[in-house]
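Below is one structure, written out as C-alpha cells; the observations come after it.
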Amino acid sequence: MLRLKKKRTIRIKSPQIRKIRNELRILLQRAISSELNKLSDEESKLQQSNGFWDENHPSYETLHREMRKLTSQGNNLRYAYNASILKCPVCMKIDKDMTFNPILEKWYCVDCYEDNKTFQIKQGHPELYP
C-alpha cells in the first residue's frame, strides 16, 4: 500500500474529470460490495456444511480453517476500502475532493478534515491534523 508522509489534498476542478472520478468510485464500491457478498455467501455455505458445528466430525478443522481464510479475506478487503480515497470515513460521501492525513493514515473530504482539525486544536491535539 502506498504510504504518504505528508498532508496532501487532491482537488479536481474540471466537472468532466470530477464526474469520471465519481463514477469510478461508484464502480469500485460496487465491485467491493459484490466481492464481500460472495465471501459472505461462501461463509454461510460453510456454516451449513455437515460437520461445521460438530468438533468430533472429521472435516471440522478443515471447514474452520477455510472459514478463517474467508473471514480474513473479507477483513482485508474492508480495511483496504476504509483506508482508501473512495469515501470520507466521517460523512461517507464519495463525490468530494479529499485530503490525506499522514498521522491517522486516512483520507477525509476537505470539509470533514477542516472540521476535525478545528475540533482537535480546541481539544489540545493539533498534532493529529497537520
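Each value in this text was obtained by applying a stated rule to the coordinates, not by laboratory testing. The structure presented is a predicted model; accordingly, all values stated were derived computationally and were not measured. Neighbour counts are summed over all protein chains in view; Cβ atoms, including those assigned to glycine, are modelled from backbone coordinates with ideal geometry.
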Legend entry - Sites K69 and L28 - FRET efficiency at Förster radius 22 Å, r taken between beta-carbons, to 0.05: 0.40
Inset, instruction - Would you mind counting up the charge near Y81? Only other residues with Cβ under 13 Å from its Cβ, with Lys and Arg at +1 and Asp and Glu at -1. - result: +4
Inset, instruction - Excluding D97 itself, calculate the net charge of residues whose Cβ lies under 10 Å from the Cβ of D97, where each Lys or Arg counts +1 and each Asp or Glu counts -1. - result: +3
Legend entry - Cα gyration tensor, the stretch 8-128 - rounded (a/c under 1.5), prolate or oblate: oblate
Legend entry - Selected from N56, N101, N76 as most flexible by GNM, with the chain as the system and alpha-carbon contacts under 10 Å: N56
Inset, instruction - Any chance you could give the angle, 0 to 90 degrees and rounded to 10, that helix 15-47 forms with the longest Cα principal axis of the chain? - result: 20
Legend entry - Given charges at beta-carbon only (K, R positive; D, E negative), |dipole| of the stretch 1-71 in Debye: 1500
Legend entry - the chain - percent relative contact order, Cα under 8 Å, separation 6 or more: 27
Legend entry - Choice from T118, T99, T71 with maximal GNM fluctuation in the chain (Cα, 10 Å cutoff): T118
Legend entry - Inter-label distance, nm, simple model (7 Å from Cα along the C-beta direction), R78/C91: 2.6
Legend entry - Within the stretch 47-130, GluC sites (Glu not before Pro) in DSSP loop having at most 13 other beta-carbon neighbours inside 10 Å: E55, E105
Legend entry - Residue-averaged [θ]222 nm for the chain, counting only DSSP H segments that reach four residues, each worth -39500 (n - 2.57): -18500 deg cm²/dmol
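How much net charge surrounds R68 when only other residues with a Cβ under 13 Å from its Cβ are counted (Lys, Arg +1; Asp, Glu -1)?
That sum, taken over residues with Cβ under 13 Å, equals -2.
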Inset, instruction - Please get the size of the charge dipole for the chain, origin at its Cα centre, with Cβ charges of +1 on Lys and Arg and -1 on Asp and Glu, quoted in debye to the nearest 20. - result: 1040
Inset, instruction - Select from K117, K106, K45 the residue whose mean-square fluctuation is largest in a Gaussian network model of the chain (Cα-Cα springs shorter than 10 Å). - result: K45
